[in-house]
Amino acid sequence: MAKMWDARFSKAENPRVNDFNSSISFDSRMYREDIEGSVAHAAMLGKCGIISKEDSSKIVSELESILNDLESGTLPVDPEAEDIHMFIEQVLTERLGDVGKRLHTARSRNDQVALDIRLYIKKEIESVLALAEELIKTIADIAEANTDTVMPGYTHLQRAQPVTFAHYVLAYAFMFMRDYDRLTETEIRTSVSPLGSGALATTTYPIDREMVAEELGLYGITQNSIDGVSDRDFLIEFAFDLSLIMMHLSRFSEEIILWSSSEFAYVELDDAYSTGSSIMPQKKNPDIAELVRGKTARIYGDLNTLLVMMKGLPLAYNKDMQEDKEAVFDAIDNSKMCLELFCSMIRTMKVNRNRMRKAAASGFINATDCADYLVRKGMPFRDAYKISGKLVSYCLGKQTDLELLSLDEYRQFSDLFEADIYDAINLDNCVNRRNVPGGPSKTSVEYQLSQVRSFLAEKQNEEAENK
Ligand code: ARG
């Protein structure tokens, strides 16, 4: 296909150069956004009298037919075209002749591509938001069913203090809620129109940039034309938002991997969301969780690609920036897949409450509560801490637990101990006495859960309003 810019050149392009230069193999996924942008641009050109009303409507309706033909598959994308922008303009010109050639008036591919990628990202942010919402809801459901499921909480991966499974998973719900909010903020910064920036210095035609932005449902226009075509910060921000989501998913995955081992056996993954081994018949592997953890690396890689690609670029557009697309598309595709599968995996996993409780009952995770008991009886905390530590050491020697010591044994360590010590170190009491905002007690956790539920309800309302 002859190049549209083939005017000042006296030699044909080397075919390897075309392969190297071309982005159609990955940017054709933006065909809808490209057409949307061109439709708004053509309508504006007509309205402002830059092209005739008649030409403007011919272009708009032909662009709509091209869209239909692409969607139905009757118009295959030409892999030899340089990029999706050139391809669509080429088809338009083939179909409309001179009228088609008027579309690119007052526009450059630089502002065109900057607009297309913004429109594309905006749609993808919406679909990531929907997946994140589903995940938060799934976590809330798991929490609701487990407000009484006592388990050990860990620090340094050593049993530390008793919490409940509800309390534990809600920690992740709050992380994903912040991720959600971050995405909505990125969406606001993404939703402005750079169209009209031209190659970098706008145009001499009396265009109406605001009209284009409005037509496209964007909040406004970029305020400086050099900035409009030069930056990809919104896209890097999106890749960062995805990286954080992946970091949270990856940590959660790591726990699922540990918890589904026989050593923990806190959860059992559904057969539909685990895989077997080709040699060891007994195996049931948490591949999804492992792949989520693994794919986190490549999404960090995509973010890094974008950051490094941009770091030394002089203003304004440089071809290096064509490299933005594969990186951000890879980050989008993979994080969406991870969100979706991770969500179904945890929705279907079985929670082994007995195993969690058993683990909570050994490992002296009520040793702090034993010390707090002495403090309530008047002892300074540091002394109480020592006595509780000695009791733990005594239990370890006898291979027993704090719950199983006799009152006489307790009183060998301090005569402040009375029969109510058993109540004080009872696991459920240890949890429910931590009734501070944010804590593991049932009332505390129910309040946290209600916050998550109202977050979800708010999002539902916003979605309904936007429809
Ligand atoms: N395919 C290019 C990209 O993705 C489109 C913009 C090209 N502009 C130019 N002046 N060569 O960035």
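The values are calculated or read from the model by the stated rules, or taken from the named source; none is laboratory data. Just so you know, these numbers come straight off a predicted model, no measurement behind them. All Cβ positions, glycine included, derive from the backbone under ideal geometry; neighbour counts span all protein chains shown. Just the protein is used for accessible areas: all its heavy atoms, side chains included, with ligands, DNA and RNA removed. Shrake-Rupley method; radii C 1.70, N 1.55, O 1.52, S 1.80 Å.
Listed by first and then second residue, the pairs with beta-carbon distance under 9 Å, at least 6 apart or on different chains, first residue in the stretch 437-450 and under 12 Å from THR164 (Cα atoms), second basic (Lys, Arg) and open to solvent by less than 70 Å² (accessible area, probe 1.4 Å), are PRO440/ARG434; SER441/ARG434; SER444/ARG434.
Of the residues GLU124, GLU133, the single one that is surrounded by 17 or more Cβ atoms within 10 Å (Cβ to Cβ) and closer than 27 Å to GLU326 by Cβ is GLU124.
Quick one: in the stretch 50-64, of everything that is open to solvent by 40 Å² or more (accessible area, probe 1.4 Å) and in contact (Cβ under 8 Å) with a residue 12 or more places away in the chain, which residue is nearest to the chain's Cα centre (by Cα)? Once the filter is applied, the top-ranked residue is GLU64.
Take ASN334 and tell me if it is farther than 30 Å from ARG353 by Cβ, open to solvent by less than 30 Å² (accessible area, probe 1.4 Å) and either away from the ligand (no atom under 16 Å from the Cβ) or in a loop (DSSP other than H, G, I, E, B) (or both).
So ASN334 fits the description; yes.
Pairs are defined by a Cβ separation below 7 Å, a sequence spacing of at least 6 or placement on different chains, a first member in the stretch 10-32 that is closer than 12 Å to GLN322 by Cβ and free of Cβ contacts under 8 Å to residues at least 60 places away in the same chain, and a second member that is open to solvent by 30 Å² or more (accessible area, probe 1.4 Å) and away from the ligand (no atom under 14 Å from the Cβ); the pairs so defined are SER25/PRO79. When TYR317 is tested against (1) within 15 Å of the ligand (Cβ to nearest atom); (2) farther than 30 Å from GLU254 by Cβ; (3) open to solvent by 70 Å² or more (accessible area, probe 1.4 Å), just one condition goes unmet, and that condition is (3).
The sole residue among LYS101, LYS137 that is of a type in the set (Lys, Arg), free of Cβ contacts under 8 Å to residues at least 12 places away in the same chain and either within 16 Å of the ligand (Cβ to nearest atom) or over 18 Å from VAL328 (Cα atoms) (or both) is LYS101.
Is it true that SER38 is among the small types (Gly, Ala, Ser), open to solvent by less than 30 Å² (accessible area, probe 1.4 Å) and in contact with a Gly (Cβ under 6 Å, 6 or more places away or on another chain)? In short, no. Among the residues here, HIS167 does not qualify as touching a helix residue (DSSP H, G or I) at 6+ places or on another chain (Cβ under 7 Å), open to solvent by 30 Å² or more (accessible area, probe 1.4 Å) and either part of a strand (DSSP E or B) or within 16 Å of the ligand (Cβ to nearest atom) (or both). Take SER230 and tell me if it is touching a Phe, Trp or Tyr at 6+ places or on another chain (Cβ under 7 Å) and either of a type outside the set (D, E, K, R) or more than 16 Å from the ligand (Cβ to nearest atom) (or both). For SER230, the condition - touching a Phe, Trp or Tyr at 6+ places or on another chain (Cβ under 7 Å) and either of a type outside the set (D, E, K, R) or more than 16 Å from the ligand (Cβ to nearest atom) (or both) - is met. If you go through the stretch 185-205 and keep only what is of a type in the set (Gly, Ala, Ser) and either surrounded by 15 or more Cβ atoms within 10 Å (Cβ to Cβ) or within 20 Å of GLU36 (Cβ to Cβ) (or both), you end up with SER191, SER193, GLY196, SER197, GLY198, ALA199. Considering each residue of the stretch 206-233, count those that are small (Gly, Ala, Ser) and surrounded by fewer than 19 Cβ atoms within 10 Å (Cβ to Cβ), and give that number. Selection size over the stretch 206-233: 2. Screening PRO380 on (1) touching a residue at least 40 places away in the same chain (Cβ under 8 Å); (2) over 29 Å from GLU124 (Cβ atoms) shows it passes everything except condition (1).
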